[in-house]
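Remarks on the structure that follows.
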Amino acid sequence: MSILPEPISLKQFENEARNFLDSNAAKKTDRAFVWGEGDDDVSLFSENTPEQEQLEVRSAKEFARKVFDAGFGWITGPSEFGGRELPKDYQTCWEQLRSEYEIPSDNCRGIGLGMVAPTILAHGTPLVKKLYLSKLYGGDIIACQLFSEPIAGSDLAGIQTKASKDGDQWIINGQKVWTSGAQYSDIGEIICRTNNDVPKHKGLTVFVVDMKAKGVEIRPLKQMTGGATFNEIFFNDVVIADSHRLGEIDGGWTVALTTLMNERAAIGSGGGGISSGSMSSRMLEMIKHFGADDEPLVRQLFVEIYINSRIASFTSQRALAKLTAGKLPGPEMSIGKLSLTENLRRIGDLCSLVLGPKLVANSGEWGTYAWSQIILGTPGLRVAGGTDEIMRNIISERVLGLPK
């Protein structure tokens with residue numbers, strides 16, 4: 001665990017962070033996007049081989065340990081778990097600086113840090129916090145989320161995975177599905193049914209489960225994209241100590257909402273599909289390369305994508321500002337998530353207009369068939385974090401005031 005340093009000014013922190021990054025990573029080189037050069041990959045989900053995946057996970061963990069030991073792993077977190085208890089501005093400063101450097105991909109840790117760790121901090125027992133928070137932020141372990149089931153996805157209250165109390169432990173039986181990163185995760189946040197005699201959303205309890213425990217079986221799910229980012233997991237008499245319960249017995253609905261709000265924030269903060277300059281430049285250069293920049297419909301659709309991306313980004317900033325201030329977010333998370341998937345649909349429409357058959361027939365031409373990964377990956381994001389239909393229900397009820 002890192003030692004909490006003396007309070008420092010933002011400028012001192014910036015210098016400290018830059019010195020660390022200079023010593024441990026190479027600076028990115030500013031190079032304008034050139035059509036036909038570089039990586040021809042626009043996929044929404046990782047399509048790595050198992051070997052590539054293992055290498056990525058190992059690299060992410062190794063760099064995370066360096067970052068944590070240097071005091072940048074949990075800048076705003078409690079000192080007792082290795083955090084520095086610095087204001088949000090310091091975290092923002094760090095994120096801006098690290099974006100200037102070539103560092104290992106941290107995607108495999110996204111769910112653990114963005115969804116599971118905040119839930120453990122808010123609802124975990126002292127033992128669970130001590131066991132896992134430092135290790136999550138320090139790169140020692142990775143976590144996944146175990147919510148969806150074959151007959152209960154967006155209707156989370158309809159889950160059937162059962163937890164039966166046996167003394168000071170629980171016995172888990174059931175199945176989860178669409179779990180990202182389960183194959184390399186060490187722990188998981190699982191929601192189970194613990195009471196059938198109350199309204200269904202009041203009979204749920206959340207636990208932290210050891211993904212390597214006896215009785216846990218993980219099976220990869222092949223996607224349309226060709227990859228296997230998701231998994232189905234079977235739990236057969238898996239034992240969980242009561243100390244690994246998050247929140248109250250039968251109080252899992254409140255705990256789950258904490259996770260879901262963070263999940264929608266993570267998904268919806270993508271800026272509506274083209275938040276990165278590289279994606280925007282790639283789309284624009286594709287339009288120019290195929291001579292479609294004078295087509296009114298193409299121009300209109302590109303502008304709609306860009307405008308919606310910017311609006312989604314501002315909405316996400318408002319939601320994150322609420323969380324930073326310790327307030328519960330409103331419907332901004334749902335709006336941001338829906339905006340992302342709607343913009344991905346627009347991107348698919350734009351690619352179809354510009355590329356035509358090149359989008360679905362692999363001729364080997366750079367910058368054409370690669371866009372099919374957007375088309376094939378979008379349905380997955382339309383389901384992840386709550387379906388588009390559920391998001392519309394939330395927005396209609398909580399924003400427009402329509403009846404349920």
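Observations on the model:
- Taking the range 72-82 as the range and being of a type in the set (Gly, Ala, Ser) and either crowded, with 21+ Cβ neighbours inside 10 Å or within 18 Å of Gly227 (Cβ to Cβ) (or both) as the test, the residues that pass are Gly73, Gly82.
- Just one of (1) aliphatic (A, V, I, L, M); (2) modelled with pLDDT of 75 or more; (3) part of a helix (DSSP H, G or I) fails for Ala292. It is (3).
- Summed over the range 102-126, residues that are in a helix (DSSP H, G or I) and either under 22 Å from Arg65 (Cα atoms) or among the small types (Gly, Ala, Ser) (or both) total 16.
- On the stretch given as the range 346-355, residues that are free of Cβ contacts under 8 Å to residues at least 40 places away in the same chain and either surrounded by 18 or more Cβ atoms within 10 Å (Cβ to Cβ) or part of a loop (DSSP other than H, G, I, E, B) (or both) total 1.
- Within the range 356-382, considering residues that are surrounded by fewer than 17 Cβ atoms within 10 Å (Cβ to Cβ) and touching a residue at least 12 places away in the same chain (Cβ under 8 Å), the one nearest to Met224 (Cα to Cα): Pro379
- Check on Ile347, under 19 Å from the mean Cα position of the chain (by Cα) and either closer than 22 Å to His289 by Cα or outside the structural domain of Ser316 (by TED's automatic domain parsing) (or both): no
- Flag if Gly181 is touching a residue at least 12 places away in the same chain (Cβ under 8 Å), on the phi > 0 side of the Ramachandran plot, within 16 Å of the chain's Cα centre (by Cα) and buried (at least 18 other Cβ atoms within 10 Å of the Cβ): yes
- Selected residue (criterion: modelled with the lowest pLDDT) from residues of the range 361-396 that are part of a helix (DSSP H, G or I) and over 27 Å from Ile111 (Cβ atoms): Ser396
- Under the condition of being touching a residue at least 60 places away in the same chain (Cβ under 8 Å) and farther than 23 Å from Met261 by Cα, the residues counted in the range 120-165 number 6.
- Residues located in the range 194-214, provided they are modelled with pLDDT of 95 or more and touching a Phe, Trp or Tyr at 6+ places or on another chain (Cβ under 6 Å): Leu204
- All conditions but one from (1) part of a helix (DSSP H, G or I); (2) modelled with pLDDT under 80 apply to Lys358; the one that does not is (2).
- The lone exception for Arg299 - which of (1) under 21 Å from Phe147 (Cβ atoms); (2) basic (Lys, Arg); (3) out of contact with any helix residue (DSSP H, G or I) (no Cβ under 7 Å at 6 or more places or on another chain) it fails: (1)
- Failed item in (1) closer than 22 Å to Asp388 by Cα; (2) of a type in the set (Val, Ile, Thr); (3) out of contact with any Cys (no Cβ under 6 Å at 6 or more places or on another chain), with Thr179 passing the rest: (3)
- When each of Phe207, Phe230, Phe235 is tested for being surrounded by 14 or more Cβ atoms within 10 Å (Cβ to Cβ), more than 20 Å from Gly385 (Cβ to Cβ) and within 20 Å of the chain's Cα centre (by Cα), the lone residue that passes is Phe207.
- All conditions in (1) modelled with pLDDT of 95 or more; (2) within 30 Å of Leu55 (Cα to Cα) hold for Thr179, with the sole exception of (1).
- Selected residue [over 30 Å from Lys28 (Cα atoms), among the hydrophobic types (A, V, I, L, M, F, W, C) and in contact with a Cys (Cβ under 8 Å, 6 or more places away or on another chain)] from Ile159, Ile111: Ile159
- Screening the range 97-150 for residues that are among the polar types (S, T, N, Q) and crowded, with 20+ Cβ neighbours inside 10 Å and picking the one that is nearest to the chain's Cα centre (by Cα) gives Gln145.
- A single entry from Glu85, Glu62 fulfils the requirement of being outside the structural domain of Trp371 (by TED's automatic domain parsing), assigned to a loop (DSSP other than H, G, I, E, B), at pLDDT 90 or above and surrounded by fewer than 16 Cβ atoms within 10 Å (Cβ to Cβ): Glu85.
The values are calculated or read from the model by the stated rules, or taken from the named source; none is laboratory data. Values in this document were obtained by computation on a predicted structure and should not be read as measured data. Note: ideal-geometry Cβ built from the backbone for every residue, glycine included; neighbour counts use all protein chains shown.
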